[in-house]
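The values are calculated or read from the model by the stated rules, or taken from the named source; none is laboratory data. The model shown is predicted, which means the values in this text are computed figures rather than measured ones. Here the Cβ is made from the backbone with ideal geometry for all residues, glycine too, and neighbour counts use every protein chain on show. Surface accessibility is based on the protein's heavy atoms, side chains included, excluding ligands, DNA and RNA. Shrake-Rupley method; radii C 1.70, N 1.55, O 1.52, S 1.80 Å.
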Amino acid sequence: MQIGVLCSGGDAPGMNAAVLGTADTSEAEVVFIKNGYRGIYERTFAFPNAIEIEASQAGAAIGTARFDEFRQPKTRAEIAKILHEEGLDALVVAGGNGSWEGARLLKAETGFPVIVVPATIDNDFPNTDYTLGFDSALDCISNAVDDLILTARSHHRVFLLEVMGRKSFELAESAAYANFSIPVLDESKDNLDRIAENVNKQGRSQILIVPEGLPDKQDAIEYLSEKIELETKYLNLSYLQRGAKPTTYDRLIGHRFGAEAISYLLANQDGYLGRKDGKIMLSNW
Ligand SMILES: Nc1ncnc2c1ncn2[C@@H]1O[C@H](COP(=O)(O)OP(=O)(O)OP(=O)(O)O)[C@@H](O)[C@H]1O
Ligand SMILES: O=P(O)(O)OC[C@H]1O[C@](O)(CO)[C@@H](O)[C@@H]1O
């Protein structure tokens, strides 16, 4: 069996472990596809030994992409045709919920077998408790909070730290819980007043964690800065979260997701992987 493997959407720490995990088999021939769905369209295929991949490194060593043309049925039909022409029997896609939707449509419209490995720092993917990269991104935020609080205390300041996650607040909420920081998960005036009041009552340096997807985020940041009596500073942690060194957990689960994807395809099953109750499982399309 010849299986194509690609990364799609934002890179996520642990994607490299997942890609390596797919190649950890002697029962299938794995072909890496560079730069996501675009790579199929442009026929940028590479055999595993042609690419340097380290599970210990963030990023997607085989490249990833956001490829808008894939939203068109005619592009998906063309891509299925190319996959057949290249002799591929199935596809493994490591990506987030957009990549999942693209894979779902590819399968529904063309019947091409595909398994999606949940890989995005946002932890927003159907039927899984966990997406690859979340733990590493969370670790990155924790390290930032550890460092920021030192300079914050030196100057008696409060930091508003923006974190990624698109519409999902999971990174912000988990980072705040893990670090005894204050999450800003609701932009209502009541909530912002309550946060400012608590910070003022305590009168000491704090880190407030703001999710990037907070509605009216800029207004909320300005409102809090006005209401908080200590001096406030704003920092966006941004892409550093995606570039975070993969934690051992993300390397382990990445390896397992990759290897399981191949096992399922060899057993003629496809769909999308997830982790539930500590187990890796497949949901069917
Ligand atoms: N509705 C859709 N129909 C078809 N293809 C889609 C759709 N949404 C996304 N895709 C494909 O998946 C790619 C990645 O999607 P998207 O940019 O939403 O990232 P993602 O997979 O959700 O990852 P991340 O969470 O890291 O952003 C898109 O560039 C496109 O090729
Ligand atoms: O790399 P881009 O296209 O700017 O995407 C940024 C987005 O990707 C993510 O890092 C992963 O989905 C989001 O948290 C963020 O909003």
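Suppose we keep only residues that are in a strand (DSSP E or B) and within 16 Å of ligand 2 (Cβ to nearest atom) within segment 74-113. Which one would you say is farthest from Lys167 (Cα to Cα)?
Selected residue: Val93.
Name the one entry in Ala18, Ala12 that is in a loop (DSSP other than H, G, I, E, B) and surrounded by 24 or more Cβ atoms within 10 Å (Cβ to Cβ).
Of Ala18, Ala12, the one residue that is in a loop (DSSP other than H, G, I, E, B) and surrounded by 24 or more Cβ atoms within 10 Å (Cβ to Cβ) is Ala12.
Here is a list of conditions, (1) within 16 Å of ligand 1 (Cβ to nearest atom); (2) surrounded by fewer than 19 Cβ atoms within 10 Å (Cβ to Cβ); (3) outside any helix (DSSP H, G or I), and Leu240 meets all of them except one; can you say which number that is?
The single condition Leu240 does not satisfy is (3).
Sort through Lys217, Lys201, Lys189 and tell me the only one that's surrounded by 15 or more Cβ atoms within 10 Å (Cβ to Cβ), basic (Lys, Arg), modelled with pLDDT of 95 or more and not assigned by TED's automatic domain parsing to the domain that holds Phe112.
Just one listed residue meets the conditions, Lys217.
When you scan segment 34-52, how many residues do you find that are outside any loop (DSSP other than H, G, I, E, B) and without any contact (Cβ under 8 Å) to a residue 40 or more places away in the chain?
6
Could you give me the residue pairs with C-beta distances under 6 Å whose first residue belongs to segment 1-19 and is closer than 8 Å to Val92 by Cβ, whose second residue is assigned to a loop (DSSP other than H, G, I, E, B) wherever it lies, and which are 6+ apart or on separate chains?
Going by the 6 Å Cβ cut-off, the qualifying pairs are Ile3/Ala28; Gly4/Leu88.
Give just the number: which of (1) open to solvent by less than 40 Å² (accessible area, probe 1.4 Å); (2) more than 12 Å from ligand 2 (Cβ to nearest atom); (3) in contact with a Phe, Trp or Tyr (Cβ under 6 Å, 6 or more places away or on another chain) does Leu161 not satisfy?
For Leu161, the failing item is (3).
Among the residues of segment 106-146, count how many are in contact with a strand residue (DSSP E or B) (Cβ under 6 Å, 6 or more places away or on another chain), near ligand 1 (Cβ under 10 Å from one of its atoms) and among the β-branched types (Val, Ile, Thr).
2
Restricting to segment 114-157, count the residues that are in a loop (DSSP other than H, G, I, E, B) and away from ligand 2 (no atom under 12 Å from the Cβ).
Adding up the residues that qualify gives 6.
On the basis of being under 26 Å from Asn127 (Cα atoms) and of a type in the set (S, T, N, Q), does Asn97 make the cut?
Yes; evaluated as a whole, the condition is true for this residue.
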